[in-house]
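Heads up: the structure comes next, in structure tokens.
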Amino acid sequence: MSKNIIKHSLRALNRQKGYVFINIIGLSIGIACSLLISLFVINELSYDKFNEYKDRIYRVNLHGKISGQEAHVSSTCSPLGSTMLQEFPEVENFTRYNSYGRTVIKYEDKSFAEEAFVLVDSSFFKIFSIKLLKGDKNTVLNAPHKVVLSEKASKKFFGNEEALGKMIQVGTDTTLYRVTGIMEDIPETSSFEADLFGSFLSSSRANDDRWLSNSFETYVLLKEGTSESAINEKFHPLLVKYVGPAIEQYFGLSFDEFLNKGNQYYYLLQPLVDIHLDPGIVHELKNASDPKFLYIFGSIAILIIIIAAINFMNLSTAQAAKRAKEVGIKKVSGSSKGMLIQQFITESMFLAFLSLVIAIVIIELTLPYFNNLLNAKLKLDYLGEWYTVPGLIILTIFVGLLSGSYPSFFLSSFKPVSVLKGSIKDSMKNGKLRGILVVLQFSISIILIVGTLIIFKQINYMLNKDMGFNKDNILVISRAAVIGDK
């Protein structure tokens with residue numbers, strides 16, 4: 001029976017080449033647009049999830065309010081991590097992170113401008129899953145003026161030469177750094193963005209014991225089974241013990257008196273996987289994404305699929321008059337309503353599959369331009385991610401069922417007597433559901449078009465707004481401090 005249904009479906013589609021072409025093009029573009037948006041959303045949601053201990057890594061954030069000035073930052077003091085390791089049994093390890101921003105690296109007579117040079121503790125490679133290609137993670141950063149390069153940076157600085165043991169100058173530091181390790185290039189979906197990690201012991205403030213001097217990010221690895229709230233509850237006594245004396249020295253108040261006057265000063269743990277989607281915290285890492293935009297983009301992807309499906313339904317029902325005789329003859333010949341529904345659903349599934357194939361071709365052709373627009377490295381990884389192929393299959397089934405459900409029930413409901421009398425066309429003119437679908441389709445399209453125009457005008461306004469000064473011949477000089485008195 002299934003074989004006959006497929007055979008009849010293919011014959012029916014072959015007789016309607018124009019209708020099939022229009023439907024496939026519409027569905028293909030809709031699926032391609034939705035998949036491109038979905039790739040972006042999935043990429044944003046996958047940040048830092050490549051880390052083996054992602055569920056146990058937390059960043060310590062500082063929330064403060066002094067004299068009405070409020071701040072939510074990732075900056076903490078130098079001794080925080082080591083103190084937590086000593087006094088909190090739940091903490092397994094810690095590392096500090098300090099980015100120097102754009103830095104000039106010199107090797108012999110060559111200079112390279114790097115976007116970031118970062119200092120981290122020797123435990124960094126034990127906590128985060130950034131693979132070392134060369135070097136021992138226990139010793140690569142265990143002394144001052146040691147540095148680990150990414151594979152990309154190593155090739156840039158030294159070409160095909162052996163990098164280990166080479167000496168480089170970092171910024172204006174007169175003491176050269178020794179290359180002690182080569183790591184894999186950091187994944188695009190990492191909050192960290194650097195090609196050079198130096199030893200934190202190289203910093204003059206590595207052993208700073210000032211609790212109110214907040215300049216570094218602190219990451220902790222909690223032991224298995226430890227809850228975030230258990231650590232958060234322990235922060236207040238820690239602050240009273242260590243920050244309290246500094247507060248009393250500067251403000252003449254005990255820590256609790258300082259808080260009672262309306263001030264705030266407290267630490268909170270933030271899960272590593274939440275960092276990229278929290279723009280409310282000021283930090284040194286990549287710019288965070290606002291979750292609201294992910295909801296908006298996800299909704300747009302769904303709406304585009306709905307528009308494509310409604311377009312399919314309307315085109316299918318518009319063909320009803322041409323297929324009425326086919327339905328009437330099949331019913332007279334003994335076909336049941338269920339068999340006809342199966343045939344029409346099979347046709348929809350077949351068209352959805354062809355549309356998916358064409359959509360994938362469209363994505364592969366347009367993805368480089370899409371990545372260039374977003375400055376991203378999105379890709380449709382068919383074998384690398386377990387969910388890609390099942391997800392595409394589920395999407396095809398969903399689109400096929402959504403697109404073919406109404407047409408299949410509508411076409412299979414024709415009565416042979418009405419078809420033979422020629423009254424089927426009159427009954428089609430009263431199709432209320434079809435009218436509703438048309439209105440819904442145009443409403444969604446208008447909303448998307450108007451929203452796009454508003455966003456375009458807003459961006460254009462921001463780019464072309466008169467700033468009140470002449471921007472011509474004005475330069476911004478990064479790292480101006482190195483100019484000195486020249």
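The values are calculated or read from the model by the stated rules, or taken from the named source; none is laboratory data. Remember, it's a predicted structure, so these values are computed and weren't measured experimentally. Cβ: placed from backbone, ideal geometry, glycine included. Neighbour counts: every protein chain shown. SASA here: full protein model, heavy atoms, side chains in, ligands and nucleic acids out. Shrake-Rupley method; radii C 1.70, N 1.55, O 1.52, S 1.80 Å.
Annotations for the structure displayed:
- Taking residues in the range 268-287 that are within 22 Å of residue 102 (Cα to Cα) and touching a residue at least 60 places away in the same chain (Cβ under 8 Å), and partners anywhere that are open to solvent by 50 Å² or more (accessible area, probe 1.4 Å) and part of a strand (DSSP E or B), the pairs with Cβ atoms closer than 7 Å and at least 6 places apart or on different chains are 281/72; 282/72.
- Residue in the range 366-377 that is in a loop (DSSP other than H, G, I, E, B) and either of a type in the set (A, V, I, L, M) or in contact with a Leu (Cβ under 8 Å, 6 or more places away or on another chain) (or both) present: yes
- Taking residues in the range 340-352 that are more than 18 Å from residue 26 (Cβ to Cβ), and partners anywhere that are of a type outside the set (Ser, Thr, Tyr) and crowded, with 24+ Cβ neighbours inside 10 Å, the pairs with Cβ atoms closer than 8 Å and at least 6 places apart or on different chains are 345/400; 345/404.
- Criterion violated by residue 58 - all others in (1) at pLDDT below 90; (2) in a strand (DSSP E or B); (3) of a type outside the set (S, T, N, Q) satisfied: (1)
- Meets criteria (polar (S, T, N, Q), over 20 Å from the mean Cα position of the chain (by Cα) and open to solvent by 10 Å² or more (accessible area, probe 1.4 Å)) for residue 93: yes
- Subset tally (residues that are in contact with a Phe, Trp or Tyr (Cβ under 9 Å, 6 or more places away or on another chain) and either over 30 Å from residue 155 (Cβ atoms) or of a type in the set (S, T, N, Q) (or both)) for the range 94-113: 5
- Test set (1) touching a helix residue (DSSP H, G or I) at 6+ places or on another chain (Cβ under 9 Å); (2) closer than 15 Å to residue 195 by Cβ; (3) not polar (S, T, N, Q) - residue 146 fails condition number: (2)
Yes or no, residue by residue, for (1) under 30 Å from residue 436 (Cβ atoms); (2) crowded, with 17+ Cβ neighbours inside 10 Å:
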residue: 279; (1), (2): no, no
residue: 283; (1), (2): no, yes
residue: 290; (1), (2): no, no
residue: 293; (1), (2): no, no
residue: 296; (1), (2): yes, no
residue: 302; (1), (2): yes, no
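- Those residues of the range 113-134 which are out of contact with any Ser or Thr (no Cβ under 9 Å at 6 or more places or on another chain) and of a type in the set (Gly, Ala, Ser), in sequence order: 129
- A single entry from 129, 122 fulfils the requirement of being within 26 Å of residue 214 (Cβ to Cβ), in a loop (DSSP other than H, G, I, E, B) and not basic (Lys, Arg): 122.
- Cβ-Cβ under 8 Å pairs, at least 6 apart or on other chains, the range 463-486 side assigned to a loop (DSSP other than H, G, I, E, B), far side at pLDDT 80 or above and hydrophobic (A, V, I, L, M, F, W, C): 479/104
Yes/no matrix, rows are residues, columns are (1) within 24 Å of residue 64 (Cβ to Cβ); (2) in contact with a helix residue (DSSP H, G or I) (Cβ under 6 Å, 6 or more places away or on another chain); (3) open to solvent by 60 Å² or more (accessible area, probe 1.4 Å):
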{"site": "168", "(1), (2), (3)": "no, no, no"}
{"site": "173", "(1), (2), (3)": "no, no, no"}
{"site": "178", "(1), (2), (3)": "no, no, yes"}
{"site": "194", "(1), (2), (3)": "no, no, no"}
{"site": "211", "(1), (2), (3)": "yes, yes, no"}
{"site": "235", "(1), (2), (3)": "yes, no, no"}
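Condition check ((1) part of a helix (DSSP H, G or I); (2) at negative phi; (3) in contact with a Ser or Thr (Cβ under 6 Å, 6 or more places away or on another chain)) across all residues:
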residue: 136; (1), (2), (3): no, yes, no
residue: 139; (1), (2), (3): no, yes, no
residue: 148; (1), (2), (3): no, yes, no
residue: 162; (1), (2), (3): no, yes, no
residue: 168; (1), (2), (3): no, yes, no
residue: 174; (1), (2), (3): no, yes, no
residue: 189; (1), (2), (3): no, yes, yes
residue: 201; (1), (2), (3): yes, yes, no
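- Residue 392 being in a helix (DSSP H, G or I), at pLDDT 80 or above, in contact with a helix residue (DSSP H, G or I) (Cβ under 9 Å, 6 or more places away or on another chain) and open to solvent by less than 100 Å² (accessible area, probe 1.4 Å): yes
- Test: residue in the range 245-254 that is surrounded by fewer than 13 Cβ atoms within 10 Å (Cβ to Cβ), in a loop (DSSP other than H, G, I, E, B), out of contact with any Gly (no Cβ under 6 Å at 6 or more places or on another chain) and in contact (Cβ under 8 Å) with a residue 24 or more places away in the chain: no
- Condition check for residue 215 on (1) within 17 Å of residue 87 (Cβ to Cβ); (2) not aromatic (Phe, Trp, Tyr); (3) not in a helix (DSSP H, G or I): one failure, at (1).
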